[in-house]
Each structure stands twice: as structure tokens, then as C-alpha cells.
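Okay, structure first, notes after.
Please treat every number below as a calculation from the coordinates, not as lab data. Please read these numbers as outputs of a predicted model, since none were measured by experiment. Note that each Cβ is placed from the backbone with ideal geometry, even for glycine, and that neighbours are counted across all protein chains shown.
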Amino acid sequence: MRILLSTYGSRGDVEPVVALGARLQALGAEVRVSIPGDEEFAALCARAGVPLVPAFAPVREWAKEMVRRRSSASPEGLAALISGQAAEIVARQYDALMPAAEGCNAVVALGLFPSCAAARVVAEQRGMRYLLGTFCPIWLPSAHNRPHEYPSHPLPAGVTDNRLLWETDIRTKNALFGGAINRHRASLGLPPVANVRDYVYGNPVLLACDPTLGPWLASDLIDAVQTGAWILPDERPLPEGLEAFLEAGPPPVYVGFGSIAVSREAGRVAIEAIRAKGLRTVIAHGWAGLEPIDERDDCFAVGDLNQQALFGRVAAVMHHGGAGTTITAARAGAPQVVVPQIGDQPYWAGRVAELGIGAAHDGPKPTVATLSAALATALAPETRSRAAALAGTIRGDGAAVAARRLLDDLNQRGS
């Protein structure tokens, strides 16, 4: 059995796909993992022992270019910019995936919608099984949640029926992505699709998140198979300097915003709020390039490291609310302060607060005062107790569950 896994996105999109690839290989499948060819992602594949087939472009430089384009676009021009970016992604990712898919029985696609659209067209052309995967329930049509709101396409005011709003979502995705997808289909001699959302989503969908952290409530609008989160085991030791820092004092607060380009000001106010509580800081550079704000010895800066090993040794984890960081902190029993920025991050912030395992910051721009208040909640003894209790309920076998289900499905279909 030969399976192509495809995603285009940041670390939070890539690492779970690598984890699934490793589990599929362990079950005897041949796997090709198409992800951005950034050095950090190549290292992930090497660590997991799965073959890397580069996507159309490294994502870090591409993301910088997209931010640059968006910064010069008017509010009215954002929708046109999104559509233009979609056309570029669909065409270039199709060109990357078509040869990678040769001889494959199935493709599993995650990440940006246009990238998944490219994988869907490749599957159609190759006669392969296609499955979409996602890491958060809010992206899927359901009467229990509202759809994502896109620039220049606000959800209709006063409408509270989520079913009607998901009908609006079909029209929005047709407006933003339909032209790009159908123009590419026309270039291949394929007929247009009238509903690009349902074409790309397919049915069923793999939902790769933990049922305690992100429960899926059954929906008659789509069938989601919740497997649990796809977690890549990490056995790397912590850097010697960090080990020495951890041993030299009480548990610090970890601060990291991953691939989110927060301002340097966010790092400064985080350190100051943590100092005001009498605590030390481990600050992750991330894509924003955060650094200590002075020469004091109560702050230690780190690059890519084993969060699974670190988070069980910190007083709290302050982060952006990515699905991967949220579950890593939850599995470690670490209280969380979530400062959500975009996408599904407000959802994860809300879940952390609802479960009582941390605090959700109100909005993306923290101050020393607002972070101090959030830290007070996260550092409370009852919060740590709840976080420790919840840790035992978080599943670690999601990638194995998804791999077995995928192979069983393909074998039953005779692929």
C-alpha cells in the first residue's frame, strides 16, 4: 500500500503529518510525505525516518512574501489577494503533487484550503482515494459552531442559525477559491465544480485532535472520524545550557509563539509580567525572533527543542494557541496562558479556559497588566491541579488510530 500525505503550512500543520507517516510505515505501508522543504521540516522527516517530497515552496519565505503583499493591500483588496494566492497555490502544488502521487493508492491532504484542492484534483486525475484531514472541529460544517469569517465576506448580521451560516460558507469559498480551482480544472480538461468546499472536504473527514480538548459533536452536515491528535514522539535531550538553567532555580514560565509573527513587544511584556510574579522565563525565538530584553540571568532563550520534555518542568506555558502546543502542554499537565492570534487559536484558548487548565487572554495584543492577570489564573494551585488531572485523559495514540483506520479502509476498498 502506497500513500501520499500532503500539507502546506507551518510546524503545527507539518509535524502531525510526519507523525502519521511514521505510523503508516510502522504498519508496513509505503509513504511519501509532501511538506514544505524548509530545513526544520526536513529535520523532522529525518528524525521520523519518513521520505520528504518537497511541496511547491518552503513555507517560511513564502509566508513572509504573503505578509508583505497583505500589508500593502487595502481592506477591499484582501479578498482579491486571497483569490490570487489561491490560484498560485493550486497550480504550483498540483505540479508538485502530480509526480509524487504516481503509483499511490490514496492521498491524505491537510493544511491550506488551496493546497488541499490541488491534492483533490490530483486524486481525481490519478483515480486515487482522497481524504481531507483537519486539526480542529471548528473548520467542519456543524450546527454546533459558526464558520470562519473571511475578509470582505462577513457573516450575515443577525443570523444565528449555524446551518444557514454554513450555506453562506459555501458561497464564500466559491467566491474566494472557486475561480482558482475551476480555472485550473479547465486547463486540465476537467469540468467545473459547483461547490468547491464540499469537493475539497469530501466525506468523511479525519479529525486529528484530542476528544477531551476538542470534542466533536456529531453533525449531519459532514461525517468526521475523530482519531485523536497525531503526535510525533520526541526523544531529544534538552540543551545542556537549558538543563543548567532549569536546575538553577524554581520552574520557569515558557513563552513561545511558534510560527506566528508577533511583535517583539509581546516578548517584552511577557518577560516583565513573569518577573512581576517573581518567576524566571524560557523564551522561544520562534518566527518572530523573540529574545531576552536585557542581560539579567532570569531569562533563557531557546530555538527548536523538545517541548514534550520541557513542558513538564515549567510553571506554565504561555503561547499562541496552536493545536500542537496546546495538546503538548495539556499532556504535560502544564497550566497555560493562551494569547490567540488567528485561525483556530481563539477556539483552543477558549477550551483551555473552559476546562480550567489555564487562562485565555482577551485579544491578540497583551500588556503587562493583562498578562499578569492571566498568569494569576494559570499559576493558581487549583489550575495546576486540574491541569495535572486532565493530563491523564489526553490520548497519545491518535496517529496509530488514524493509520490503522486508513489502511483498513483502503484494504476493504481493494485499493
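Quick notes
- Trypsin sites (Lys or Arg not before Pro) lying in DSSP loop within region 278-352, provided at most 12 other Cβ fall within 10 Å: Arg296
- Label-point separation in nm, Glu235 to Ala389, each point 7 Å along Cα→Cβ: 3.5 nm
- Taking 0.36 nm per residue of sequence separation and removing the Cα-Cα distance, the Ser72/Asp304 pair yields an extension gain of 80.4 nm.
- Relative contact order, percent, region 240-391 [alpha-carbon distance under 8 Å, six or more residues apart]: 22 percent
- Estimated from helices alone, the mean residue ellipticity of the chain at 222 nm is -14000 deg cm²/dmol (sum of -39500 (n - 2.57) over DSSP H runs with n ≥ 4, per residue).
- Simple spin-label estimate for Glu247 and Gln125 in nanometres, 7 Å along Cα-Cβ: 5.6 nm
- The chain: relative contact order as a whole-number percent, Cα under 8 Å and 6+ apart: 14 percent
- log10 of Debye I(q)/I(0), alpha-carbon scatterers only, for the chain at 0.07, 0.10 Å⁻¹: -0.33, -0.69
- 13 Å beta-carbon shell around Ala330, net charge (K/R +1, D/E -1): +3
- A DSSP coil position with no more than 13 other Cβ atoms inside 10 Å describes the following GluC sites (Glu not before Pro) in region 114-167: Glu149.
- For region 312-415, the dipole from Cβ point charges (+1 on Lys and Arg, -1 on Asp and Glu) about the Cα centre works out to 200 debye, to the nearest 20.
- The Rg/Rh ratio of region 165-269, with both radii computed over alpha carbons and Rh defined as the Kirkwood radius, is 1.17.
- Measuring r between the beta carbons of Arg413 and Leu217 and using R0 = 25 Å, the FRET efficiency lands at 0.35.
- Shown for the chain are the DSSP H helices of 27 Å or more along their axis, judged by Cα atoms, with a mean Kyte-Doolittle hydropathy of at least -1.0: 78-100.
- Summing charges over all other residues whose Cβ lies under 15 Å from the Cβ of Gly312, with Lys and Arg as +1 and Asp and Glu as -1, gives 0.
- Dipole check for region 240-391: with +1 at the C-beta of Lys and Arg, -1 at the C-beta of Asp and Glu, and the Cα centre as origin, the magnitude is about 400 Debye.
- FRET efficiency for the Asn203 to Arg268 pair, using the beta carbon distance and R₀ = 41 Å, is estimated at 0.30.
- Distance between region 353-415 and region 211-243 - C-alpha centres, whole angstrom: 8 Å
- By the rule of a C-alpha distance below 27 Å, with chain neighbours fewer than 8 residues away ignored, the lysines paired with Lys64 are Lys173, Lys365.
- log₁₀ of I(q)/I(0) at q = 0.14, 0.16 Å⁻¹ - region 240-391, Debye sum with one point per alpha carbon: -0.57, -0.76
- Surrounding net charge for Gly202, when Lys and Arg each add one and Asp and Glu each subtract one, Cβ distance under 13 Å: -1
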